[in-house]
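Below is one structure; the comments refer to it alone.
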Amino acid sequence: MDQDMIDLVACDESHLDGALRLSREAGWPHRREDWAMVLSLSQGFIALQGDTVVGTVMMTPFGTGFATINMVIVAATMRGRGLGRRLMDAALRACGKRECRLIATADGLPLYEKLGFRGTHEICQHQGILRADAALASIPTSGMEWAHAGDFTAIADIDRQALGIDRRPLLHLLAETGRMALLREGNRIVGYGALRQFGRGEVIGPVIADNPAQAQTILSFLMDTRPGAFLRVDTPLPGGLSPWLAARGLAEVGGGIAMRKGPERPAPTGPAQSFALASQALG
């Protein structure tokens, strides 16, 4: 099929059913609601062969200095013909002068490297149902409580300290579609975590804290509210939580390579850091 016969158009609600079909063919767990959430934050592009969706990509901006590129899928019958490059070029043009990040699969890694992305660290995907004896790996959850509307500013501040970007639109959506919990030490909020429906079950993330022990406290609190549920956590390998997650019964099932391109933003001010992603699409 000649590439000239494939149209690239702006993604809107009418394309979500086709995008969902494409992601299911690729083995992704996303529901239509998961696609709609990403689209609500993003500028997307769809490759159409006639009326059939044969490719997707999303560019999700966070302010004027940062963006993620995500949901990059090309139909199996269309691979090897340059369509992935066309989709990425469209997303990068939309990204403009922002620093751009993505999570690369093994299949996508060669293309992203050709486009100038460089790897920074690994992301480990853990998922499963908590083991019946997972209490052996659990830890006390003192200092934890469910977040309320009045806590949002503090949560957004901690998130910005950890990542160096303003993700308030994403955080608002997470608060609306799921639940947030926070960790206090004295009168200070030192970390938070979010829990929401996603794919086959539920995802825990983001989890932001000063150190791994605090992150484990937040994760334990959220896990303990969902006995028997299918849970997923995407954690940066430098955070060191993979063995602990496996001990809780969430097996490592893959992951990806975090990559970036373009002008780097100033380093986060800390001490907060990211221990779990909202999703591999949104960071």
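What length, rounded to one decimal in nm, is gained on full extension from ARG188 through to HIS121, with 0.36 nm per residue of separation minus their alpha-carbon distance?
Fully extending the segment from ARG188 to HIS121 adds 21.1 nm.
Return the distance in nm (one decimal) between the two label points of a simple spin-label model at GLU176 and TRP28, each offset 7 Å from Cα along Cα→Cβ.
Roughly 2.1 nm, to one decimal.
If ligands, DNA and RNA are left out, what is the accessible area of GLU264 with a 1.4 Å probe, given in Å² to the nearest 10?
Near enough 110 Å² of accessible area.
Give me the distance in nm between label points sitting 7 Å out from Cα along the Cα-to-Cβ direction at ARG79 and PHE152, one decimal.
Going from the ARG79 label point to the PHE152 one covers 4.2 nm.
What's the carbon and sulfur percent of region 205-283's accessible surface, probe 1.4 angstrom, rounded to a whole number?
For region 205-283, the apolar C and S fraction of the accessible surface comes to 58 percent.
Summarise the accessible area of region 22-115 (1.4 Å probe, protein heavy atoms) by the percent that is carbon and sulfur.
Carbon and sulfur: 50 percent of the exposed surface of region 22-115.
Enter the angle in degrees (range 0 to 90, nearest 10) between the Cα long axis of helix 83-95 and the first principal axis of the Cα atoms of the chain, meaning the one along which they spread out most.
Taking the Cα atoms of the chain, the angle to 83-95 is about 60 degrees.
Roughly how big is the chain's charge dipole about its Cα centre, with Cβ charges of +1 (Lys, Arg) and -1 (Asp, Glu), in debye to the nearest 20?
Value, rounded to 20: 360 debye.
Per residue, how many Å² of accessible area does the chain show with a 1.4 Å probe?
44 Å²
Out of [x] 16.8; [y] 15.8; [z] 14.2, which label holds the value of mean projected area of the Cα convex hull in nm² that was computed here?
Label of the calculated value: [z].
Sorting check: for 44-51, 247-254, which peptide has the highest mean count of neighbouring beta carbons within 10 Å, and how do the rest follow?
44-51, 247-254
Determine the relative contact order of the chain: mean sequence separation of Cα pairs under 8 Å and six or more apart, normalised by residue count, in whole percent.
Over the chain, the number comes to 23 percent.
Compute the separation of the alpha-carbon centres of region 67-94 and region 1-60 and state it in Å as a whole number.
First find each Cα centre; the distance between them is then 10 Å.
Among DSSP beta bridges lying fully in the chain, give the percent that are antiparallel, nearest 5.
For the chain, the DSSP antiparallel bridge percentage is about 90.
Can you tell me which of 105-111, 277-283, 19-25 comes out highest on packing, and rank the rest after it, using the mean Cβ neighbours within 10 Å?
Order by mean packing, descending: 277-283, 19-25, 105-111.
Rounding to the nearest 10 and keeping the result within 0 to 90°, find how far the Cα-based axis of helix 152-163 lies from the longest principal axis of the chain.
70 degrees
The values are calculated or read from the model by the stated rules, or taken from the named source; none is laboratory data. As the structure is a computational prediction, the values presented were derived from the model and not from experiment. Neighbour counts run over all protein chains shown; Cβ positions are idealised from the backbone, glycine included. Just so you know, the surface numbers come from the protein's heavy atoms only, side chains and all, with ligands and any DNA or RNA stripped out. Shrake-Rupley method; radii C 1.70, N 1.55, O 1.52, S 1.80 Å.
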